[in-house]
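Remarks on the structure that follows.
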Amino acid sequence: MTDLVTEAVNSEVPSFSTLGLAPELLRSLTDSGYTTPTPIQLQAIPVALAGGDLMAGAQTGTGKTAAFALPLLQKLLPLANSSTSPAKHPVRALILTPTRELAIQVEESVKAYAKHTQLRSLVVYGGVDIRTQTPHLKTGIEVLVATPGRLLDHIEQKTLQLGQVQMLVLDEADRMLDMGFMPDLRRILALLPKQRQNLMFSATFSNEIKKLADEFLTKPQLIEVARSNATNDNVTQKVYQVAQSDKEALLIQLLKQADAKQVIIFTKTKITASRLSRSLIKEGIIADAIHGDKTQQERIKALDAFKAGTVTALVATDVAARGLDISELPMVINYEIPSAPEDYVHRIGRTGRAGALGVAISFVSDDEEKYLIEIEKLIKRQIPKETVALDKPAARSRTTHAKTATHSKTSYQDKAQDAAPTRRPAKQKSSDPWFDKPYEPTSQPPQNDVTRTFSGKKKPVAALLGGLPASK
Ligand code: AMP
């Protein structure tokens, strides 16, 4: 994004109209508030409009959805019509995504970009009654966004014909492979006409992805807007070294101190996600959990509330790590870092999207050091480690976390010390009355606009969130 800005200042400002997009699409882009194409859009749109296959390496938040949706809609424009006959609206473009959430978001974008056209779109995904989707399919739609399993269900039930598909998009192809969708993909692709355009998007370029491209794409043009496996430069990353047993107290303290408005907290398991969300609620933090055991309705409800700002903290497993697009999400916290390093990239990609700044904080216990090493190898950089000491307010002993309240201040300055049997003597009571105040979710930030670091020093809130250079 920074490169794009520099480029724009130095040369002619790139615009959507110079990419040759139709007036109907330009109008919807103006409605969406887009003024300048992102780098992936600048590169991918001309290639896709020219009709060639594309293999694009673009991480989440780069504007990749518009990069494939706009040329796709433009190519279908000559076929748009107002007929009420379903036969006049066969599926002509198929967009496959790994998760329901991503499918929903992609289709929302397609709908927004197509709003001044007569092209119709629909999303189908598992976890909801298939019969609710069938009537919509039967009315006829040109652009279908689907998760692979549910698409195959519809094909089996003969509620869907794919004989006229001329464009295929594989979105987050690496994730589809990770999730074991390869057999489903093979089955689906065998049902599509051979003569078609294929656009493949992937955040990472593994050997498996290259194999997939060899199998399904024809002489694809390779586009990469950022170094593969890189993380977004807009995201300030930090590691807090903390014992597993102290993570919950640290999280609560951090959320309260930062007066955080919208934070996604990632856990490894569904059980931890649910438990943590309950603990946050007990502390007065408006939280909800989103994971694979929740029904689709519950997931959508939680996500909508989070997007609307009525839920402050969304505790999620990796099922939610892909595709979620929450504009200007300021903060992601990895309560537990993922064992698969790629998941780290996807998780922190929830913040710092489309040029906005974000902070990604990872709580790392001794046991998780090995995963951190793998993550740093993948992203080819060291994540700054912060020295934190946890002030545990006396109030915490009133909660169910009496275990963590037995030692009120733990230093993580030295991991060896953390592992050692002796700890600093426990304080009887929090020395800072601020922590004993009841939490007020809608209150203004603390009047003096300072908060404490975990070592007790004062730093501006913005610095804690990575927004200001940390003072030495
Ligand atoms: P994506 O990577 O497709 O999930 O897009 C990330 C976010 O960027 C979404 O909220 C898009 O609406 C937004 N976006 C995409 N393209 C642009 C653009 N050219 N200008 C501003 N925002 C954009």
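Please treat every number below as a calculation from the coordinates, not as lab data. Because the structure is a prediction, the values reported are computed rather than measured. Quick reminder, even Gly has a Cβ in these numbers, built from the backbone with ideal geometry, and neighbours come from all protein chains shown.
Couple of notes before you dig in:
- Of every Cα-Cα pair in the stretch 10-224, the percent that sits beyond 30 Å: 17 percent
- Label-to-label distance, LYS282 versus LYS380, with points set 7 angstrom from Cα along the beta-carbon direction: 4.6 nm.
- Charged neighbours of LEU152, selected by a Cβ distance under 13 Å, balance to +1 (K, R count +1; D, E count -1).
- Subset of LYS247/LYS380; LYS115/LYS301; LYS88/LYS111; LYS64/LYS385; LYS270/LYS301 violating a 22 Å alpha-carbon distance limit: LYS247/LYS380; LYS115/LYS301; LYS64/LYS385
- Over all pairs of different C-alpha atoms, the stretch 235-390 has a mean inverse distance whose reciprocal, the Kirkwood radius, equals 15.4 Å.
- Phi angles of the stretch 80-85 translate, via the Karplus equation with coefficients 6.51, -1.76, 1.60 and θ = phi - 60°, into HN-Hα couplings of 5, 7, 9, 4, 8, 6 Hz per residue; Gly and Pro are given as x.
- For the stretch 78-162, the extents of the C-alpha atoms along the principal axes are 32, 26, 19 Å, listed from largest to smallest.
- Nitroxide proxy distance, nm - points 7 Å out along Cα→Cβ at LEU79 and ASP31: 2.2 nm
- More than 19 angstrom apart: percent of Cα pairs within the stretch 134-261: 63 percent
- Convex hull volume per residue, computed on the Cα atoms of the stretch 52-100, equals 125 Å³.
- Enclosed volume per residue, in Å³, of the convex hull spanned by Cα atoms of the stretch 71-123: 81 Å³
- Local net charge near VAL124, Cβ-Cβ under 15 Å (Lys/Arg +1, Asp/Glu -1): -2
- Placing unit charges on each Cβ (+1 for Lys and Arg, -1 for Asp and Glu) gives the stretch 10-224 a dipole about its Cα centre, and among ALA58, THR97, VAL123 the Cα reaching farthest toward its positive end belongs to VAL123.
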